[in-house]
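The values are calculated or read from the model by the stated rules, or taken from the named source; none is laboratory data. The structure presented is a predicted model; accordingly, all values stated were derived computationally and were not measured. Ideal geometry is used to build each Cβ from the backbone, glycine not excepted, and the neighbour counts take in all protein chains shown.
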Amino acid sequence: MLTGYRKGHSCIHTLDPRTKLLATVGTGIMVYLAGPPGLGLLSAAIPVLAHIAGIQVASLIKRLRPMLIFFVAIFIVHLPVEGGIYVGILAIVRFALLILFATILIHTTSPSELNMALAYFLRPLGRHGADVAFMVRVAMAFMPGLLRDKETILRAQTARGYKPNGLTGFTATMMPLLRRSFRKADELADALESRCYHRNRECYYYNRALTGRDWILIGAFAGVLVLVLYHQSPG
Amino acid sequence: MIELEDVHFYRQKKPILERVDLRIGKGECIGIVGANGSGKTTFARLLNGLLLPQKGVVRVNGKPTSDSENLLAIRRSISIVFQNPDAQAIGETVEEDIVFGLENLRVPKPEIDRRIDKYLKILRITGLRDRNISLLSGGQKQLVNLAAVMAMEPECIVLDEPISMLDSCSHKHVIKTLSGLNRAGTSIILITHDPGDLVDCSRVFAISGGKISQTDPGTLVACEDVGSGFGYGFAGFLEVAGQSEPRSRGIKVNVSHVYEPGTGWATAALTHINLTIEKGSVTGIVGGIGSGKSTLASLIAGLDTPTAGSISIDGGPPEPGKNVAILFQQPEDFFFEKTVRKEMTFGLKRMDVSEGEMQSRMRFAMSQAGLYRTILDRSPFHLSIGEQRLVALASILAIYPEYIVLDEPTASLDSKSRKRVLDSIRGVAGSATIIYISHHIRDVLDISDRIAVLQRGNLAFTGTKSQYLKWVSGRHESEGW
């Protein structure tokens, strides 16, 4: 099961979160611009990165399963255009790669680190930037619990004869999940306030200076991105 | 330190607390008791301004909670550890969770390190520092919540039933730790169902019918059917030991289970568990926090597949909702229908059972669970928590499972509701095989024919009650208790 961050000591885990965030955004741009050979190269990078980060590729692929409906929708939307099947497959590959790279980022970067990195890049927005960064962090802390709750509710209903079909089947899982999520959101808000959360808080415990390794990686990414953009530019 | 003056609090015009006048001095240890839904949690939330009284005033160190300018200072002074451990994790790992509160207080980095080390050590959970909170057991999460609040070193800690999921050993240790903190000057306000926790409290208050009144903790201990822990009341159980008779059919467990196998984060939840559960018996499974009780429950109920080995029920695989059913912790969370009747027939409608058969099964389940038919057309959400727990039990019984797994069925219940649920389970025991999982060893001894003890994922003991009691006595002697 892969529901979120796992503390580790791989070279990806120990990279500065700002470097990882920039690298993920850069990779996202490359995924958007790349043609089939580029997408092949980026796909090949996934198992390599997963191996370095200590993630099982199979569990990474499992993360795509809930997205199946979106893959189908993307494919259908592209069907009417010229070369629809080919374009549709490319769009699905791009979407899947974005999810997989983001998953590797989330798996190797703790919510606090991500909060710190986002707050750093959103500094021009002042307090609003810090608020957005904190909201992302809280959402990240909330998500694993939500997925776990869905799993528990599904199991509990299965244990009393539930079969996942029809509207009753849907409400049997969604109603308790919604009720539980709203209650948990309230309780989490109380816990935040009780632990003295305030908008001027700073995230400093995990702060560190960018190292040579980070600068090399940022430089390399910037170089590759410039090359890709150059090749994509008209003429 | 804390003053409540003529405090009133209403919810949907119904009085939750009325005319509350109370002063709590610095360094005091106060106990709060009351039935489920009596207003204990509301009282706790009023203390640090999470709720504001509709009438009257709450002051902390002279500052009213109604003034939002004071709230941060008030919350620095008073921290609350809440009941539900799942909804308090702000960090992904234990360390991050503790760091969050300390960053809010702008504690310097070296001091943060010192406090993390100190409080994890005090609560004996140093090994959990880098673990993901979402993968911890309920009891471990409660200890983490406690550590995060203790590390903030507030003047007063309010504990809203925060240790209900702890095994007796951790429970005693937490009570001892709180007592030590109190002696060092921290005020403690302990909300609990267990009067045994209140021995160090200078004053105990009972909340009932919206009123709060001082009570004598001694009388509570004497009249409540509570108490847990090794070495408590063994003699009474010896005489009922050895009553179970051997049966040929039943559950055979031969499993190991690992979470996240093949990764650097692989955690062995169960190791070489060999256990036979006789048909018709009541088997109690006990163990410390994180010992693998709930994992074993899910495996027996067929909701998870073990990473190694197998589980068979009467020679076949476990089939959830057919030959085996499980009552999860806080099962009332899974209600979704408008009436108790619909909630009860939810599983039956998916089993192609005729209307007549459905009515007959519902009657049987209601009577087994000790419920009156008058509640059938009521909303399950408007019942008391004890009745909700019984409706959840009845909805399982209605599918006629031969094997029932009960995972902490009395968690978070007051003594009255707990007794009612235990009585119902005793009634069910004659018609189904029960696997009863709990850290309340007294309940387990009271209800079970046989007992299995899990320790850190290993089966440390299995046998009859008398064998168990001898085993525990032997361990106490060898450990010099």
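Worth pointing out:
- Restricting attention to segment B:197-212, the residues being buried (at least 20 other Cβ atoms within 10 Å of the Cβ), in a helix (DSSP H, G or I) and not aliphatic (A, V, I, L, M) number 1.
- Selection status of B:Lys342, within 11 Å of another protein chain (Cβ to nearest Cβ) and not in a loop (DSSP other than H, G, I, E, B): yes
- Neighbours by Cβ (under 6 Å, 6+ apart or cross-chain): first from segment A:18-46, at pLDDT 90 or above; second hydroxyl-bearing (Ser, Thr, Tyr) and buried (at least 19 other Cβ atoms within 10 Å of the Cβ): A:Lys20/A:Thr109
- Annotation note: of B:Val428, B:Val405, the sole residue that is touching a residue at least 40 places away in the same chain (Cβ under 8 Å) and more than 19 Å from the chain's Cα centre (by Cα) is B:Val428.
- Any chance A:Ala58 is buried (at least 20 other Cβ atoms within 10 Å of the Cβ), at pLDDT below 90 and part of a helix (DSSP H, G or I): no
- Flag if A:Leu188 is more than 7 Å from chain B (Cβ to nearest Cβ), within 26 Å of the chain's Cα centre (by Cα) and buried (at least 19 other Cβ atoms within 10 Å of the Cβ): no
- Any chance A:Arg183 is over 24 Å from the mean Cα position of the chain (by Cα) and either facing chain B (nearest Cβ under 7 Å) or surrounded by fewer than 17 Cβ atoms within 10 Å (Cβ to Cβ) (or both): yes
- Positions within segment B:314-346 being surrounded by fewer than 19 Cβ atoms within 10 Å (Cβ to Cβ) and of a type in the set (Val, Ile, Thr), in sequence order: B:Thr339
- Candidates B:Gly309, B:Gly280, B:Gly315, B:Gly347 - the one that is closer than 30 Å to B:Val258 by Cβ and in contact with a Lys or Arg (Cβ under 8 Å, 6 or more places away or on another chain): B:Gly315
- Output for segment B:305-323, where each listed residue is facing chain A (nearest Cβ under 8 Å) and in a strand (DSSP E or B): B:Pro320
- Set B:Leu50, B:Leu72: member being under 30 Å from A:Pro144 (Cβ atoms), within 7 Å of chain A (Cβ to nearest Cβ), aliphatic (A, V, I, L, M) and in a loop (DSSP other than H, G, I, E, B): B:Leu50
- Tally of residues being crowded, with 18+ Cβ neighbours inside 10 Å and under 22 Å from the mean Cα position of the chain (by Cα) across segment A:150-176: 0
- Restricting segment B:20-48 to residues that are of a type in the set (D, E, K, R) and surrounded by 15 or more Cβ atoms within 10 Å (Cβ to Cβ), the residue that is farthest from B:Ile385 (Cα to Cα) is B:Glu28.
- Per-region count, segment B:87-116, residues more than 8 Å from chain A (Cβ to nearest Cβ) and not in a helix (DSSP H, G or I): 2
- Residue satisfying condition, being farther than 21 Å from B:Ile163 by Cα and touching a helix residue (DSSP H, G or I) at 6+ places or on another chain (Cβ under 7 Å), within set B:Gly62, B:Gly49: B:Gly49
- Total residues in segment B:367-386, condition in contact with a Leu (Cβ under 7 Å, 6 or more places away or on another chain) and either within 14 Å of chain A (Cβ to nearest Cβ) or assigned to a helix (DSSP H, G or I) (or both): 5
- Among residues of segment A:126-179, those that are of a type in the set (S, T, N, Q) and either within 25 Å of B:Ser134 (Cβ to Cβ) or in contact with a His (Cβ under 9 Å, 6 or more places away or on another chain) (or both), counted: 4
- Those strands (runs of 3 or more DSSP E) of segment B:407-476 in which 3 or more residues are touching a strand residue (DSSP E or B) at 6+ places or on another chain (Cβ under 8 Å) and closer than 19 Å to B:Ala365 by Cα occupy B:433-437.
- Of the residues making up segment B:344-354, at least one is among the polar types (S, T, N, Q), in contact (Cβ under 8 Å) with a residue 40 or more places away in the chain, under 24 Å from A:Met175 (Cα atoms) and outside the structural domain of B:Ser438 (by TED's automatic domain parsing).
- Selection within segment B:113-145: residues that are more than 15 Å from B:Gly290 (Cβ to Cβ) and among the hydrophobic types (A, V, I, L, M, F, W, C). The member of this set that is modelled with the highest pLDDT is B:Ile116.
- When residues in segment B:415-424 are screened for being in contact with a Ser or Thr (Cβ under 9 Å, 6 or more places away or on another chain) and either under 18 Å from B:Ala325 (Cβ atoms) or crowded, with 23+ Cβ neighbours inside 10 Å (or both), 2 of them pass.
- Meets criteria (surrounded by fewer than 20 Cβ atoms within 10 Å (Cβ to Cβ), outside the structural domain of A:Leu39 (by TED's automatic domain parsing), among the acidic types (Asp, Glu) and within 30 Å of B:Ala301 (Cα to Cα)) for A:Asp131: no
- Out of B:Asp67, B:Asp113, B:Asp97, sole residue that is out of contact with any strand residue (DSSP E or B) (no Cβ under 8 Å at 6 or more places or on another chain) and surrounded by 22 or more Cβ atoms within 10 Å (Cβ to Cβ): B:Asp97
- Scan of segment B:180-196 for residues that are surrounded by fewer than 15 Cβ atoms within 10 Å (Cβ to Cβ) and either polar (S, T, N, Q) or on the phi < 0 side of the Ramachandran plot (or both), ordered by number: B:Gly180, B:Arg183, B:Ala184
- Scanning segment A:185-235 for residues that are of a type in the set (Ser, Thr, Tyr) and part of a helix (DSSP H, G or I) yields a count of 2.
- In summary, A:Gly223 fulfils each of the numbered conditions (1) outside the structural domain of A:Gly4 (by TED's automatic domain parsing); (2) free of Cβ contacts under 8 Å to residues at least 40 places away in the same chain with the single exception of condition (1).
- Looking only at segment B:345-360, and only at residues there that are part of a loop (DSSP other than H, G, I, E, B) and within 14 Å of another protein chain (Cβ to nearest Cβ), the one that is farthest from B:Ala394 (Cα to Cα): B:Asp352
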